[in-house]
Amino acid sequence: MKALEVHNLRKEFTRRDGRGKRRVAALKGVDFEIERGECVAILGPNGSGKSTLVRLLSTLLLPDGGDARVFGHDAFRETRVVRRLVNRVSVEASFFKKMSAVENLSYAARFYGLRPSETRDAIPEILRRVGFPADRRDEPMENLSRGMQQKVALARALLTSPILLLLDEPTTGLDPRSKQEVQQFIREVRAEHDATVLLCTHDLAEAESLADRVGILDGGALLCLEPADELKARYNAETLEEAFFAASGHAFENGEGGDHK
Amino acid sequence: MRTMSLALRHELVGLSGVIERNIYLVKRYIWWDIAFFLWTVANTLTIVFIAKGIPAVGGKIDVEKVTTILLVGAVIWAYLGIIFEILTETVAWERWEGTIEYTFMAPLSRPVHLIGMGLFAIGYGVIRAALLFGVVAAFFGLHLHNANYPAALVVLMVASISFIGIGMMTAVLPLISPEKGTQLGFVAQGLLLVVSGVYYPVSVLPGWMQALSTISPATYALRGCRAAIINGAGLSDLTTEIWALLVIGAVSVPLGLWTFRTGERYAKKHGKLKRSG
């Protein structure tokens, strides 16, 4: 069974501007599959549709067409089942900022059915694994650096033992050291857990170093999806940036807006 | 059978998570809560002083009775405000903190999520309302020897079912309009109380407002609580109010859940279920 099957997935949003209302495509019939245990990176500039894709797979959006199946379950009709299988880390760590790391993890674990007896030891242990200092566990999140907050976000995602991990630009805005630590942790998670990872990023080096296959999403269309070496060979490129240019016809940071919501 | 019991266990644990989170928030914002409580006390005093003011300008009333009538009205207003505020925070606060996506993608059924918020709101609201009542009653030196507090509490609990149902309907408003939805919740609270005789008998209202008062749970909550506190009415004397509240609750909770679900579906269709609106 595939970990993720996405077929002809389409999403449009209504945009209001000086000319009135108009429909803008964020995803234009995206197709791909991910094997269990695989790490796939979807590479695209800002506005390419990456976050829309992640939010659709997180059951936070309804599509305008197509379908997506997570371990055989329809992501839009069997949402309760899918939500148990999936967790997500997004670009901004989402926490109640006055609450501590332990408090944020504690209530979140309950939402996934974990009782206090199950999290009493698990929370300190998972925070230790992500390299979170023990003496700061009870500090409000607002006192923590972005890098530390992102570690707590990873800990929260892993606490619920997801078998599909959606990472939406998990290292954007982090300092180089925190970025390396988070990337190392993602490698460990793949090695130690039976987790499948969909990584959406605009960090070319991150995509190349973490993923088994790399896809290029541009203007809501998935242009290709294959191992980074094959991708570069296909476009006769030395770097992923060159491959992106060859595939899309424009430089990486000048993507055509697709990620409108 | 085992699957069902496991699913039920997950839901109950999830419900405890909703309550646990709100307790953490109260703990972290305790000084703000105390400040807000002081504002509520001041607000209630300004209303209840009206009873003292009427004789001062030549009116003839039973000051203690009117004081109690106004106090009960003000306490119910404050209680309803807390219920609506907490339920509206289901969306509004989560959006502000940026946790809305994380919460709404968790495997927690929406009814359990909303009921968890409602149960916390009742517990927190009852403590606040009891404190408010006690502080203001002591301030005015009210001697409520006949008061049947357990009966008043039962009426308030039964009324809470309806209040939560209506609160669920208003909770969805910030999902549809992130900018103005929360304020519309206050509008609903105001409209509910103005037809319910919050500081006056319903009989003084125009006919069409009196008709609306019959479907407002606040009407029966106010009438029942006043009867219990002023006249010492017991539950056997309050069956009309309790039955009316049960019937309204039986309609308003499913309607509230349906409204929220419809609003959530709209938000998911139009991309509004996210942190920045």
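Every number in this text was worked out from the coordinates using simple rules, so none of it is lab data. Everything numeric here is computed off the predicted structure, so don't read it as measured data. Backbone-built Cβ (ideal geometry, glycine too); neighbour counts: all protein chains shown.
Annotations for the structure displayed:
- Enumeration of residues in the stretch A:121-144 that are more than 13 Å from every other protein chain (Cβ to nearest Cβ) and charged (D, E, K, R): A:Asp121, A:Glu125, A:Arg128, A:Arg129, A:Asp135, A:Arg136, A:Arg137
- Members of the stretch B:216-226 that are free of Cβ contacts under 8 Å to residues at least 60 places away in the same chain and either assigned to a helix (DSSP H, G or I) or farther than 23 Å from B:Val253 by Cα (or both): B:Pro217, B:Thr219, B:Arg223
- Residue within the stretch A:36-45 that is assigned to a loop (DSSP other than H, G, I, E, B), touching a helix residue (DSSP H, G or I) at 6+ places or on another chain (Cβ under 8 Å), closer than 22 Å to A:Gly173 by Cβ and within 14 Å of another protein chain (Cβ to nearest Cβ) present: no
- Index of the failed condition, B:Ile248 passing every other in (1) surrounded by fewer than 21 Cβ atoms within 10 Å (Cβ to Cβ); (2) within 16 Å of the chain's Cα centre (by Cα): (1)
- Assessment of the stretch A:92-101 against the conditions (within 20 Å of the chain's Cα centre (by Cα) and either of a type in the set (Gly, Ala, Ser) or more than 7 Å from every other protein chain (Cβ to nearest Cβ) (or both)) yields at least one matching residue.
- Hits in the stretch B:8-19 - residues which are exposed (fewer than 14 other Cβ atoms within 10 Å of the Cβ) and either more than 8 Å from chain A (Cβ to nearest Cβ) or of a type outside the set (Lys, Arg) (or both): B:Leu8
- Which listed residue is of a type outside the set (Asp, Glu) and free of Cβ contacts under 8 Å to residues at least 12 places away in the same chain, from A:Ala221, A:Ala246, A:Ala195: A:Ala246
- Qualifying residue in the stretch A:25-35 (condition: within 12 Å of chain B (Cβ to nearest Cβ) and under 30 Å from A:Pro140 (Cβ atoms)): no
- Every residue from the stretch A:157-188 that is over 14 Å from the mean Cα position of the chain (by Cα) and within 16 Å of A:Val86 (Cβ to Cβ): A:Leu159, A:Thr160, A:Ser161
- When every residue of the stretch A:15-24 is checked against the conditions, none turns out to be part of a strand (DSSP E or B) and in contact with a helix residue (DSSP H, G or I) (Cβ under 8 Å, 6 or more places away or on another chain).
- Taken over the stretch A:182-206, the residue count meeting the criterion of being buried (at least 20 other Cβ atoms within 10 Å of the Cβ), out of contact with any Pro (no Cβ under 7 Å at 6 or more places or on another chain) and over 25 Å from A:Phe71 (Cβ atoms) is 1.
- Residue selected from the stretch B:99-134 under the condition away from every other protein chain (no Cβ under 14 Å) and of a type in the set (Phe, Trp, Tyr), by the criterion surrounded by the fewest Cβ atoms within 10 Å (Cβ to Cβ): B:Tyr124
- Selection of the stretch A:176-225 for residues being of a type in the set (Gly, Ala, Ser) and farther than 19 Å from A:Phe132 by Cα yields A:Ala191, A:Ala195, A:Ala205, A:Ala207, A:Ser209, A:Ala211, A:Gly215, A:Gly219, A:Gly220, A:Ala221.
- Filter result (within 8 Å of chain B (Cβ to nearest Cβ) and either of a type outside the set (A, V, I, L, M, F, W, C) or in contact (Cβ under 8 Å) with a residue 12 or more places away in the chain (or both)) within the stretch A:53-86: A:Arg55, A:Ser58, A:Thr59, A:Leu61, A:Leu62, A:Arg80, A:Arg83, A:Arg84, A:Val86
- The residues on offer are A:Lys28, A:Lys50, A:Lys21, A:Lys11, and the sole one that is touching a residue at least 40 places away in the same chain (Cβ under 8 Å) and surrounded by fewer than 23 Cβ atoms within 10 Å (Cβ to Cβ) is A:Lys28.
- Search result, residues across the stretch B:187-211 that are assigned to a helix (DSSP H, G or I) and over 21 Å from B:Ile83 (Cα atoms): B:Val202, B:Ser203, B:Val204, B:Gly207, B:Trp208, B:Met209, B:Gln210, B:Ala211
- Number of positions in the stretch B:143-181 that are buried (at least 17 other Cβ atoms within 10 Å of the Cβ), part of a loop (DSSP other than H, G, I, E, B) and of a type in the set (A, V, I, L, M): 2
- Checking each residue in the stretch B:252-270 for being surrounded by fewer than 14 Cβ atoms within 10 Å (Cβ to Cβ) and either more than 14 Å from every other protein chain (Cβ to nearest Cβ) or of a type in the set (A, V, I, L, M, F, W, C) (or both) picks out B:Pro254, B:Trp258.
- The residue that is surrounded by the fewest Cβ atoms within 10 Å (Cβ to Cβ), among those in the stretch A:155-181 that are of a type in the set (A, V, I, L, M) and farther than 16 Å from B:Thr99 by Cβ, is A:Ile163.
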